[in-house]
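The values are calculated or read from the model by the stated rules, or taken from the named source; none is laboratory data. None of the values given here were measured: they were computed from a predicted structure. Note that we place each Cβ from the backbone using ideal geometry, even for glycine, and neighbour counts take in every protein chain shown.
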Amino acid sequence: MRNFRKALADDISLQERLLVQYEKELRTLPTGILDESCSGKVVHYIDAKGREHNSEKTQDVMIKISRRKLLEKKILVIQENLKRQKKLYEKYISYTDENIMDKVARVYRKILLREKEKAEQAAEHEHSSSGGGEKTGHRSLTGKELDSKSEVIISMLLDVYGIKYYRGVKIYWPYGMSEEAERSWAELELPVYVVPDFVIILPSGEKIYWEHLGMLGDKKYSVRWMKKQVFYHWLGITQGVNLIVTADDCNGSIDPAAVADIIETKLAPLITKAKKN
């Protein structure tokens with residue numbers, strides 16, 4: 001602690017380099033926006049020219065949009081932090097080791113500490129507020145609790161095709177992920193776990209996940225879905241491979257024929273193939 005002034009100067013220098021790095025990266029990211037309105041299809045990204053893009057084709061773009069928003073926030077934090085640190089550096093006088101540690105702890109506590117208990121509580125609250133924690137009265141033919149009438153239709157069609165599914169399966173963020181994944185998890189404030197609407201286990205043991213989107217016009221719902229997609233991305237859960245995504249129309253209805261077609265053309269062949277293998 002006797003070299004605190006030098007350590008502070010080194011920290012200022014490091015943050016200035018980070019600021020340059022973040023600003024450089026920011027210039028490479030797309031400048032579109034996430035669409036918070038319901039357009040009758042699963043659309044989340046509108047580019048700078050006002051063109052809509054389907055989320056199945058633009059998952060990477062949406063991650064980059066989230067990254068842009070995050071970088072913009074981080075740049076503001078660093079700029080404010082540098083202002084305070086430079087002021088502290090200019091007015092610094094000798095403190096005791098204990099005083100310095102106390103001041104550093106108070107200044108950086110919110111930035112450096114991410115308590116797992118708080119994260120889990122936030123995840124529980126998020127799941128509850130998204131409808132996963134409240135009973136809606138909707139049930140499948142086998143008595144499983146469901147969140148909407150659309151999910152009732154999906155469950156009935158799965159039953160008709162003899163496809164077994166599970167509800168309430170929690171997928172936790174695993175330990176030992178790559179440094180890039182862990183940074184993305186922390187920076188985007190992803191949840192500790194997610195709960196797919198339906199989980200189908202193939203005879204081979206492979207899992208297929210099904211998400212039905214019913215409130216894309218709601219801003220908070222859209223943000224939760226975006227974070228869920230990034231969460232899935234890092235765990236290798238990809239739309240068109242092992243993730244099925246359907247959505248309500250703007251009027252809140254769902255097309256049973258379209259759902260049946262998905263089951264018949266995309267899901268049933270996977271089960272047949274797994275049984276043959």
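Things worth noting here:
- Residue 260 being touching a residue at least 24 places away in the same chain (Cβ under 8 Å) and more than 25 Å from the chain's Cα centre (by Cα): yes
- Top-ranked residue in segment 61-80 [being hydrophobic (A, V, I, L, M, F, W, C) and in contact with a Pro (Cβ under 8 Å, 6 or more places away or on another chain); ranked as farthest from residue 190 (Cα to Cα)]: 61
- Test: residue in segment 217-234 that is closer than 23 Å to residue 152 by Cα and over 17 Å from the mean Cα position of the chain (by Cα): yes
- The set of residues in segment 203-217 that are free of Cβ contacts under 8 Å to residues at least 60 places away in the same chain, surrounded by fewer than 18 Cβ atoms within 10 Å (Cβ to Cβ) and part of a loop (DSSP other than H, G, I, E, B) contains only 205.
- When 200, 254 are screened for being assigned to a strand (DSSP E or B) and outside the structural domain of residue 66 (by TED's automatic domain parsing), only 200 passes.
- For segment 179-192, taking the residues that are hydrophobic (A, V, I, L, M, F, W, C) and assigned to a loop (DSSP other than H, G, I, E, B), the one that is nearest to residue 232 (Cα to Cα) is identified as 190.
- Set 245, 230, 259: member being of a type in the set (Val, Ile, Thr), out of contact with any His (no Cβ under 7 Å at 6 or more places or on another chain) and outside any helix (DSSP H, G or I): 245
- Restricting segment 127-178 to residues that are at pLDDT below 65 and not in a loop (DSSP other than H, G, I, E, B), the residue that is surrounded by the fewest Cβ atoms within 10 Å (Cβ to Cβ): 128
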